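Please read the structure below before turning to the comments.
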Amino acid sequence: MQHFTTEQMQRARKTDLYEYLMRYHADSFKKDGVSIHPRDNGSLSIKRGYSGYMDFATGDKGNSVDFLIKYMNYELDQAVFALCGESAPVPSEPKTTAPKIENLPPVFPEPMQGRYKNLYAYLLKRGISQDTIQMLIDQKILYQEAEHNNIVFANKERDWGELRGTYDLGEKSFHGVVTNCRHDGFWWFQTGEHPTAVYVCEAAIDAISLYELHRQEEKKDPVVYVSIGGVMKQPAIDRLKRHTRVILAVDNDEAGSECRKRNAELESIIPNHKDWNEDLLQGR
């Protein structure tokens, strides 16, 4: 095969990986807001408009060429020429490093020892009150992990968890899901016994922000606040609505609108801005 030039390699590395994968390998990926992830790996995220990927579970990251080689079974030359649009994409399945084993338990990161300084700094900056942060820590559903200082939102059943980076990259921090979580899992907390409703949000930050807004409005009915980890998590919504009164509280954007249309039988509330955290920050 023809060898590539330095200019071709640089161009390939800067190619929008999201657009390339959705054009040639869409069946192998799931959409999650403005990002996609492999169907069998919810923590591996490729964001629209960026030339690379991030694995929120392991901290692994790389450019577009790296991803095609490591996860899509491309050879180096094939990856470079395909991303440059100078050859056809490789018609292959995503690479697997081991036989797929069903029903593996989630792999939660180890918590750090001592005070969660990064966690407190990040959540306080997002408008979350100190007493709310401490309440969630005391319930053992919120902690800072040791290796990467990510925030971990771990549900009480320990079958689903959400990750949030404490270092901003560009406009937003890292956001992912713990490895091997159940496909219809979610993170949650409740405000009292015998809850009357469940508010379903896209992210844990939004669920906590909605709780803070309700506190400001002095709403005292016992309810449950839920994060499903992405508006495309329809299995989690289906699981919840079989058992309780669900109120959709997803984002005020196109993806949120589509979710409300898919679940037209459910009640819904919509933030004034894009999401509940923006409402909380604007109110502050």
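Of all residues in the stretch 147-156, count the ones that are in a loop (DSSP other than H, G, I, E, B) and modelled with pLDDT of 95 or more.
Taking the stretch 147-156 first, the residues in a loop (DSSP other than H, G, I, E, B) are 147-150, 155-156.
Now restrict to residues that are modelled with pLDDT of 95 or more: 155-156.
So the count comes out to 2.
Pick out the one residue from 221, 184 that is assigned to a loop (DSSP other than H, G, I, E, B) and within 19 Å of residue 39 (Cβ to Cβ). Show your work before the answer.
Values: 221 fails: within 19 Å of residue 39 (Cβ to Cβ).
Of the residues listed, the single one that is assigned to a loop (DSSP other than H, G, I, E, B) and within 19 Å of residue 39 (Cβ to Cβ) is 184.
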Out of (1) closer than 16 Å to residue 11 by Cα; (2) of a type in the set (S, T, N, Q); (3) surrounded by fewer than 19 Cβ atoms within 10 Å (Cβ to Cβ), what's the single condition that is false for residue 73?
(1)
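The values are calculated or read from the model by the stated rules, or taken from the named source; none is laboratory data. As the structure is a prediction and not an experimental result, all values here were calculated from the model. When we count neighbours, we look across all protein chains shown, and the Cβ atoms used for this are built from the backbone with ideal geometry, even at glycine.
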